[in-house]
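Notes for the one structure printed next.
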Amino acid sequence: MLGLLSAIGPFAIDMYLPALPEIGSSLDAAIGPVQMSLTVFFLALGVGQLLYGPVSDMVGRKPPLYFGLGLFALASIGCALATGIEMLIALRFVQGLGAAAGMAIPRAVVRDLHTGNDAARLMSLLMLVFSVSPILAPLAGSAVIALTGWRGVFWAVSIAAVIGLATIASVLKETRPSEERVESSLGSALRAYGVLLRDRHYLGLVFIGAFAMAGFFTYLANSSFVMIDHYGLSPTMYSVAFGVNAAAFFGAAQLNGMLCERFGIVRVVKTSVTGCGLVMTAMFLYYLSGGDRLAVLIVLYFIASALMGFVIPTTSVLALEQHGAIAGTASALLGTMQMLTGAVVMTVVGLFTDGRPLPMVAGMAGGALIAVVLAWITLGGRRATRYAAG
């Protein structure tokens, strides 16, 4: 259920990826403004979590979810009725603010219930449902677009939000009881953010995941233009190619619990992020040397996605491990930093986007290599091992 709540926001991203070229034609907008409708969603998704996390520590996990999904549903209806690209961009920002609730709070619920390897296993299970979105959403989006045009995508996600509201009301139990909220207030939230921003180990783990995800965000923003316009794939075939990489991510993530128990969380993170960096470097060098085969892009990114499936859930578990008393706030800051990092990287790559693969691949490889450096700095000493074990 938590995975489904987490997936509502990503569905609003992935379902309309096949429609990006059509949105540009329909609203008479260039590639840059159309991509901005994606970038502002990520910005709002990040900034909104700063609010939802502390509020969920103060009032419980369920009320902020009600508010966020309600706001998301209303903004989605507005997006469906947008008459210009500027209006769509503004409403996408509001939509992202609503979706942020479903990103920050489920991670806090996992931390309310479990820690250590159990949390890694549950976080990966959450990612399993969450990661079905990049497989099903583009395919569903292609079908909806074929029947109703791109506006139908936003009607569909507004219905999904209403279903999410009904699910929260009927199934989700409150995991932040009132006695644990006594010490929570605006002042305590600000102090908690201060504690987190001074915790170098927490920040290191957050940014390992952030830069690993930044490569994926770059792929999100550019892959439809590259695969549909440059390589000539249909929206449906693009959705299949996109879904293959997502399958690698969530399939690998389901092995996290077993691997972490056998080798330790720290070793799994360091090995996986290093492998991802090497694969992405190979892809960048191939395109830099003049290569231009779609099969190379799909195969190498399939491998990199699988390795990211080992990195992203486990770094989230490690980052929250020592902050159970402020899990909502810690989860919110983690999500905010990761989304803002992704938005910044997408914006920078967007300055060089020309519809060809090389700018996209360069951004993806750059994010992966920064994650490698951060992983070996953050998890390179004995303190990191003791931190993970504690």
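Every number here is computed from the coordinates shown, using simple stated rules; none is lab data. This is a predicted model, so every value here is computed, not measured. Quick reminder, even Gly has a Cβ in these numbers, built from the backbone with ideal geometry, and neighbours come from all protein chains shown.
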With every atom except the alpha carbons ignored, what do you get for Rg and Dmax of the range 271-381, in angstroms? 15.7, 52
D (µm²/s, integer) via Stokes-Einstein for the chain, Kirkwood Rh across alpha-carbon pairs, 4 °C, 1.567 mPa s: value 63
GNM result for the chain, Cα springs below 10 Å: residue of Gly149, Gly215, Gly232 fluctuating most strongly: Gly232
Under a GNM of the chain (C-alpha, springs under 10 Å), which listed residue has the highest mean-square fluctuation: Leu139, Leu333, Leu294? Leu294
Choice from Arg198, Arg107, Arg61 showing the highest fluctuation, given a GNM over the chain with Cα pairs closer than 10 Å: Arg198
Taking the mean number of other Cβ atoms within 10 Å as a proxy for protection, how do you rank 82-94, 267-279 from highest to lowest? 267-279, 82-94
Can you give me the convex hull volume of the Cα atoms of the range 249-330, divided per residue and expressed in Å³? 105
Using each residue's phi in the range 153-159, evaluate 6.51 cos²θ - 1.76 cosθ + 1.60 at θ = phi - 60° and report the 3J(HN,Hα) Karplus result to the nearest Hz, with x for Gly and Pro. 4, 6, 5, 5, 6, 5, 5
